Amino acid sequence: MTRASRPAPPIEPGAPDVTLAATLVGLIAFGVVMVYSASAVYANNMFGNGFHFLIRQTIFAAAAFVVLVIFTRVNISLLRRSTYPVLLIAVLLMIAVALGFGRSAGGATRWLAVGPVNVQPAELAKLAMIMWLAHSLAKKSNRVRTFSIGFLPHVLVAGLLMLLCLAQPDFGSAVMIALLTFVVLFAAGAKAGYLLGCVLLAVPVGYAAIASSPYRMRRIKAFLEPFEHRQGAGYQITESLMSFGSGGWTGVGLGDGRQKLLFLPEAHTDFISAIIGEELGFIGVVLLCAAFAWVVFRGLRAAWRAQDEYAGYLAAGMTLFIGLQAFTNLAVAMGLLPTKGLALPFVSYGGSSLLVNAAAAGIILNTSRYGVSRAVEAPVPAKPKRPQPRLTTARGGAR
């Protein structure tokens, strides 16, 4: 075997990205504090116990720390071998919800009751989709730019999960799966023409899905003119905007917000960022955005420095999963996007979202343990030259 054909030695795992880990732990802890601040009055009114959501979120946070550590230490190859079982479980759970075996709330059936805990299969489906995309694209790395092998199968699987989301109905999760599929395919090098054609096809389909649903049309109208629909579909967004506006630069103080006093619906879940804006002000929101921006930056850095294509696609997908959710939640609360039921990662109340995001974050940290720099490559040591014999003249002297 020649020197050039020898396989590279395996990369020894190091410590995970410390700054990324500290940011993630800080977001989870911050979420517990803000859930209590945003939910105490509502919990006391509904359950007669102001600590109801605090206790549950604390338990979820403790479980999330365990999940974070497990996925940080688990072998990447084991994650890859579990791709199809996880995808199958996610599809079966989504089918069960679509068939009406789930728990209904707010006109949608999105949860399965597992004892005292309600599980949202759509969250697992997003994680499973990223795992399958990373596995499939790494396996087909030489044929990613082909239509029948590198593009079509991935779009079909994403379409199946999106249809199951729409059957609940959960339009926000369907859009998120579409976005994740698009960006991971783009990162893997899929043909731009295929991606553009898929977008052009998705636009009329998305319009039809919105136009055929009266409540979605009401949300679009409320998004365009929220204060004209303040007593109807625009109530939630107008109250959210008032929360941000009343916070000013530094906020009214932690725990002193007014909109959580039964004015802003879903204050501890989908619109918790509005309570953060009211109580911690513009500075608090900027710091929150900076924390998520740091998670995205370090996650994409870990993906770029990953040891192989699978780990890189996996880390990139998980990073974008967290980043897109955070951006969408904040944009909705600020009135920049129509209202969607997406939680703020690590901060909003909810066990399913918190545990799935902790698993995604753990995978990113796991990838960072095996990172290698692609910018600087170690030079191959040159083979030492043998000393040349000295030539002598006929008289015996050195030339």
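For this structure, a couple of remarks:
- Close Cβ contacts (under 9 Å, 6 or more residues apart or on different chains) running from residues in segment 291-312 that are closer than 21 Å to HIS135 by Cα to residues that are outside any helix (DSSP H, G or I) and acidic (Asp, Glu) comprise GLY299/ASP17; ARG301/ASP17; ALA302/ASP17.
- Count - residues of segment 261-272 that are surrounded by 13 or more Cβ atoms within 10 Å (Cβ to Cβ) and more than 16 Å from ILE237 (Cβ to Cβ): 1
- Test: SER173 is of a type in the set (Gly, Ala, Ser), in contact with a Cys (Cβ under 7 Å, 6 or more places away or on another chain) and touching a residue at least 24 places away in the same chain (Cβ under 8 Å): yes
- Wholly enclosed helices (runs of 4 or more DSSP H) of segment 150-242 bearing at least 2 residues surrounded by fewer than 13 Cβ atoms within 10 Å (Cβ to Cβ): 152-166, 192-211, 214-224
- Residue within segment 38-61 that is within 27 Å of LEU161 (Cβ to Cβ) and not polar (S, T, N, Q) present: yes
Matching residues to (1) in contact with a helix residue (DSSP H, G or I) (Cβ under 7 Å, 6 or more places away or on another chain); (2) modelled with pLDDT under 85; (3) farther than 17 Å from ALA333 by Cβ:
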{"site": "SER212", "(1), (2), (3)": "no, yes, yes"}
{"site": "TRP249", "(1), (2), (3)": "yes, no, yes"}
{"site": "ASP256", "(1), (2), (3)": "yes, no, yes"}
{"site": "ALA274", "(1), (2), (3)": "yes, no, no"}
{"site": "GLY284", "(1), (2), (3)": "yes, no, no"}
{"site": "ALA291", "(1), (2), (3)": "yes, no, no"}
{"site": "TRP294", "(1), (2), (3)": "yes, no, yes"}
{"site": "ALA302", "(1), (2), (3)": "yes, no, yes"}
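- GLY277 more than 21 Å from TYR42 (Cα to Cα) and either surrounded by 24 or more Cβ atoms within 10 Å (Cβ to Cβ) or free of Cβ contacts under 8 Å to residues at least 24 places away in the same chain (or both): no
- Screening LEU336 with (1) out of contact with any helix residue (DSSP H, G or I) (no Cβ under 7 Å at 6 or more places or on another chain); (2) of a type outside the set (Phe, Trp, Tyr); (3) within 28 Å of LEU78 (Cα to Cα) gives one miss only, at (3).
- Some residue of segment 365-373 being more than 30 Å from GLY31 (Cβ to Cβ) and either at pLDDT below 90 or not aromatic (Phe, Trp, Tyr) (or both): yes
- Flag if ALA90 is part of a helix (DSSP H, G or I), more than 18 Å from the chain's Cα centre (by Cα) and at pLDDT 90 or above: no
- Contact annotation: residue pairs with Cβ atoms under 9 Å, 6 or more positions apart or on different chains, pairing a residue in segment 131-146 that is in a loop (DSSP other than H, G, I, E, B) with a partner that is surrounded by fewer than 17 Cβ atoms within 10 Å (Cβ to Cβ) and among the polar types (S, T, N, Q), are LYS140/THR146.
The values are calculated or read from the model by the stated rules, or taken from the named source; none is laboratory data. These numbers come from a predicted model, not from an experiment. Backbone-built Cβ (ideal geometry, glycine too); neighbour counts: all protein chains shown.
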